[in-house]
Amino acid sequence: MTSKYEFNMLDIASKLDAMSNSCGEISKCARDIVLDQNEDSIKLLVKKLSDIAGAEEDTYTKEVKLLTKALKDSLIELCGYLYVKKVVNISTDEDHRSLDELLKELQELVGLDNVKQEVQDLIAFQRVQKLRELRGFHITKSTLHMAFIGNPGTGKTTVARIVGHIYKQIGLLSKGHFVEVSRTDLIAGYQGQTALKVKGVIERAKGGVLFIDEAYSITENEHSDSYGRECLTELTKALEDYRDNLVVIVAGYTEPMNKFFESNPGLKSRFNTFIRFKDYTEQELLEILEKQCKQNDYKITDKLKEKLRNFFIKKIQMKDEHFANGRLARNIYDDLIMNHAKRVVNIASPTSEDLSYINDSDFFTNSE
């Protein structure tokens, strides 16, 4: 979920980009900062803002100068937020949304019909178990841990975050925060230190969701197999010890994840739920792109929609294990708004329609 600091910065950057005729460069810097915390993008954005602020008075309007200051302030706030988030490795924003609002967010995700249904079933089961517990009935103590199986870009991280917040709302988790880790966060370079790293990660995640993407990487390196076994031993113990106030979600490709579960006899039994995330269809990829356009006040023409649909069909037919799914749609969106900006900046007095509509000429053949 995008934080208020990230949303605010992206919003101001988009407006400043259009009003200063910056050809999408300011928006691109802002997105790179939000998505990857890219230091080069921070330096580039600061330089651009300094150039605008220091330009002669008649170069930019007063409104552009005010937006420049607002974006600079927003950047400082965002960097502070990202620093705190990195230090504590959890979301610093509490989610105050109701259960209905969280369920609505889940349902509004593009595609993922089987995932939504399985998550809804899990929630229904857990809610009834809580009600039975309150009435003194015997309840089934099943583990909350899950495995998300599927290719990159299929929404696994997004769903994991939503699950954490929902489980907090229905009383299964005390905090509902989200901690994402990889192999480097769990495995140390010396024997005996890995267990300490895993324990530290578990402590930070207790009360929320621990998300381990590409979990199979823990055991796939033969040269550090003993460290991987040490990590899994400690992790397997934590799965049982903290089952009442911790959800561990492991994620990754199908075949490597099968080998991952075979690597430790007690590991698979700790996971009750295995959810498969299917690749997106061409229609779903188009919906993802259109949704991103709508969120940022862009529209695409019918001619461009047809061109994009054919492009996605071709990409799906040629896909391999590196197929990027939703990331492909988001990358195309970035190309489109940059090409749109390059075209519109040459229009003497662009209309609102010029500024908002992306057409088929903005989808260059080198994008294909």
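The values are calculated or read from the model by the stated rules, or taken from the named source; none is laboratory data. In this text the structure is predicted, and so the values were computed from the model without any measurement. Methodologically, a virtual Cβ is constructed for each residue, glycine included, from the backbone with ideal geometry; neighbour enumeration extends over all protein chains shown.
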Breaking point among (1) surrounded by fewer than 22 Cβ atoms within 10 Å (Cβ to Cβ); (2) touching a residue at least 12 places away in the same chain (Cβ under 8 Å); (3) not charged (D, E, K, R), for S269
(2)
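Considering each of I166, I212 in turn, give the residue that is modelled with pLDDT of 85 or more, part of a helix (DSSP H, G or I) and within 21 Å of A147 (Cβ to Cβ). Write out each step before concluding.
Values: I212 fails: part of a helix (DSSP H, G or I).
From the options I166, I212, the qualifying one is I166.
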V179 is checked against (1) part of a strand (DSSP E or B); (2) modelled with pLDDT of 90 or more; (3) touching a Lys or Arg at 6+ places or on another chain (Cβ under 7 Å) and fails just one. What number does that condition carry?
(2)
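So, A147, is that one modelled with pLDDT of 90 or more and either assigned by TED's automatic domain parsing to the domain that holds N114 or hydroxyl-bearing (S, T, Y) (or both) or not? Outline the logic, then answer.
Working: modelled with pLDDT of 90 or more: yes; either assigned by TED's automatic domain parsing to the domain that holds N114 or hydroxyl-bearing (S, T, Y) (or both): yes.
In short, yes.
From the list T158, T194, T184, which one is of a type in the set (S, T, Y) and more than 26 Å from the chain's Cα centre (by Cα)? Let's see the steps before the verdict.
Working: T158 fails: more than 26 Å from the chain's Cα centre (by Cα); T184 fails: more than 26 Å from the chain's Cα centre (by Cα).
Only one candidate passes the filter, namely T194.
Test of understanding: among D58, D36, which residue is modelled with pLDDT under 80 and within 19 Å of the chain's Cα centre (by Cα)? Step through it out loud before you land on a result.
Working: D58 fails: within 19 Å of the chain's Cα centre (by Cα).
Result of the check over D58, D36: D36.
Only one of E255, E230, E203 is assigned by TED's automatic domain parsing to the domain that holds T154, touching a residue at least 24 places away in the same chain (Cβ under 8 Å) and part of a helix (DSSP H, G or I). Can you tell me which? Talk me through it step by step, then tell me what you get.
Values: E255 fails: touching a residue at least 24 places away in the same chain (Cβ under 8 Å); E203 fails: touching a residue at least 24 places away in the same chain (Cβ under 8 Å).
Within the list E255, E230, E203, the selection yields E230.
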Does any residue in segment 1-13 that is of a type in the set (V, I, T) come within less than 6 Å, Cβ to Cβ, of a residue that is modelled with pLDDT of 75 or more six or more places away or on a different chain, and which pairs are these?
I12/A70; I12/L71; I12/S74
Among residues of segment 332-366, those that are under 23 Å from T154 (Cβ atoms) and surrounded by fewer than 14 Cβ atoms within 10 Å (Cβ to Cβ), counted:
0
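Based on what the data block shows, is T233 touching a strand residue (DSSP E or B) at 6+ places or on another chain (Cβ under 6 Å) and surrounded by fewer than 18 Cβ atoms within 10 Å (Cβ to Cβ)? It would help to see each step written out before you state the result.
On the way: touching a strand residue (DSSP E or B) at 6+ places or on another chain (Cβ under 6 Å): no; surrounded by fewer than 18 Cβ atoms within 10 Å (Cβ to Cβ): yes.
No.
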R343 vs (1) in contact (Cβ under 8 Å) with a residue 60 or more places away in the chain; (2) among the charged types (D, E, K, R); (3) closer than 26 Å to V34 by Cβ: all pass except (1)
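Considering only segment 205-216, state which residues are surrounded by fewer than 21 Cβ atoms within 10 Å (Cβ to Cβ) and under 20 Å from the mean Cα position of the chain (by Cα).
D213, E214, listed by residue number.
Check E262, E321 and return the single one that is at pLDDT below 90, exposed (fewer than 14 other Cβ atoms within 10 Å of the Cβ) and assigned by TED's automatic domain parsing to the domain that holds E230.
On the way: E321 fails: assigned by TED's automatic domain parsing to the domain that holds E230.
Among E262, E321, only E262 is at pLDDT below 90, exposed (fewer than 14 other Cβ atoms within 10 Å of the Cβ) and assigned by TED's automatic domain parsing to the domain that holds E230.
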With the condition being closer than 28 Å to G150 by Cβ, I'd like the helices (runs of 4 or more DSSP H) fully within segment 278-368 carrying at least 1 qualifying residues.
282-295, 302-317, 326-344
